[in-house]
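Encoded as structure tokens, the structure appears first; notes follow it.
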Amino acid sequence: MTAGAGRALVQGRGGSTVNGLIHAALRRWLAPLRRAPWWVKVSLLYGAARLVSFGILAGAGYHAAESPWSGARPDYLTFIDRWDAGWYERIFDGGYPSGIPRNPDGTAQPNQWAFYPLFPLLVRGLNAVTALPWAVAGPLVATAAGFAAALVIYRLFRRVAAPATSLWGVGFFAVFPASPVLQVAYAESLGTFLLAAALLMLTGRRYRAAVPVVVLLCLARPAGVPFAAVVGAHLALRWVRRRRDPFPPREAAAGVVLLAVSTFMAFAWMLAAWWATGEPSAYTDTETAWRGTHLVLFKPWFDAGVQLAGPFWGPLLPVLFVALAALYLNSQAVRRLGTELRVWCAVYLAYLLAVLDPQSSSFRMMLPLFPLALAAAFISRARAYRWAVVVMFTALQLVWVVWLWQYSAVSNGQAWPP
């Protein structure tokens, strides 16, 4: 052996010794965390993700230009109190209008009826108890609901996955590119919490307990139609398999009640807007006020395809999207989620395809597809892959916040809403 080779070997052994000491110290330092209850791990993980998002939002606010909501360089709470948070604040302050404000041509103007009441009602309750203003109480309620959502999502994931994989799934959800919205005064975190709780009870066959949760869910976000479809599919499968898996009459009756309540609540907010304003189309007119056209199912996706790819290839883009979604939902990783979570993802995507006008807000509307975060963790157990997903999602948070949360008017004087 040459002298150079001997020195390299000694240096290599020394480096390995140092690395071993570092790893041993880390294991000792992390040992209490490994033995901690699951809810502590989930809370710490989710809290760390929200701190990262706080830094991204605060940094973007520091570099923000003047906007319709504030001057340049707003502080954190001022910076996040914009876009839909402003509409929820109007509900917090004064409720809903008694009639639909309309343009001279009869089309509806944007108004509060497009936004569901549970989130601003909870913020109003916190304000009544603590006297905290909207700018503080709104983000507090949203952030608390996000923590609750992470805990319930973990319990839901544990039905089909090991603890470590479930924790990674929660981590992917917590750093999703649009996840900063979970700590601002939007209803996404509350809706996600209630949806996860409803799915947890449905998969656990706790139909009676799911009824009040579904009522609240449908007063927080427009999720009633796809959830009713999931309940129907769940009950149909139980009926078909009743010889192998008994389906007692009492459980069947409770399931039918849950299906009936879910179906009614899917349209309850439309009925409430009709009752309050006297206009049968109050809700749908309001929802389409931002797009400037009447609701025509599926058509906006084909229109967007034509805008992106022209009249020949454009109509094929939604078809390609559906084909790719079907392939992924039939992949091995997604099949491991179980029937109910797969069906939820499928019907929710179909629901978005039917009613959504694809635009910049579509990214945050992907949050109810949180079961796919666990499917992403199922793809590979390699730490390099899983950490790469975390890093990629965190980097895309920067893109989402800087591109959408900051105000930047486009050529027609409008802006890209998050």
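Values quoted throughout were computed directly from the atomic coordinates according to the rules given, and no laboratory measurement underlies them. From a predicted model like this one, the values you see are computed outputs, not experimental measurements. With ideal geometry, Cβ positions are generated from the backbone for all residues, glycine too; neighbour counts draw on all protein chains shown.
Below are the figures for this structure:
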quantity	calculated
Modelled label reach - SER362, point 7 Å along Cα→Cβ, the range 169-195 residues with backbone N closer than 18 Å	177-179
Placed amide H near ALA415: partners under 5 Å, 5+ positions off or other chain	VAL410
Local electrostatic count at LEU258 - Lys and Arg +1, Asp and Glu -1, tallied over other residues with Cβ under 14 Å	+3
Tensor-based shape of the range 36-405 (alpha-carbon gyration tensor, a/c under 1.5 rounded, otherwise prolate or oblate)	rounded
Helix 316-329 vs. the chain, principal-axis angle (Cα, 0 to 90°, nearest 10)	50 degrees
Derived scalar couplings ³J(HN,Hα) [the range 387-402; Karplus, 6.51 cos²θ - 1.76 cosθ + 1.60; whole Hz; x for Gly, Pro]	5, 4, 5, 4, 5, 4, 4, 5, 4, 6, 4, 4, 4, 4, 5, 6
Order of SER43, SER98 under a 10 Å beta carbon neighbour criterion, fewest first	SER98, SER43
Cα gyration tensor shape for the range 246-351, rounded if a/c is under 1.5, else prolate or oblate	oblate
Likely footprinting exposure, PHE321, PHE378, fewest C-beta neighbours within 10 Å first	PHE321, PHE378
Among ALA409, VAL42, ALA220 - extreme Cα towards positive end, dipole of the chain, charges at beta-carbon	VAL42
Cβ charges +1 (Lys, Arg) and -1 (Asp, Glu), total dipole of the chain, debye	2620 debye
The chain: most fluctuating residue of GLY106, GLY47, GLY94 per GNM, C-alpha cutoff 10 Å	GLY106
Peptides 32-38, 298-304, 170-176 ordered by average Cβ neighbours within 10 Å, highest first	170-176, 298-304, 32-38
Net charge contributed by nearby residues that have their C-beta within less than 14 Å of GLY138 (K/R +1, D/E -1)	-2
Rounded Å value of the spacing that divides the Cα centres of the range 304-327 and the range 249-285	33 Å
Degrees separating the helix 134-157 axis from the principal Cα axis of the chain, which is the longest one	60 degrees
In order through the range 289-303: 3J(HN,Hα) via Karplus (6.51 cos²θ - 1.76 cosθ + 1.60), integer Hz, x for Gly, Pro	4, 6, 8, x, 9, 6, 6, 10, 4, 6, 4, x, 5, 6, 4
Fewest-first ranking of MET365, MET265, using other Cβ atoms within 10 Å as the exposure measure	MET365, MET265
Between 0 and 90°, nearest 10: helix 163-174 axis offset from the chain longest Cα axis	50 degrees
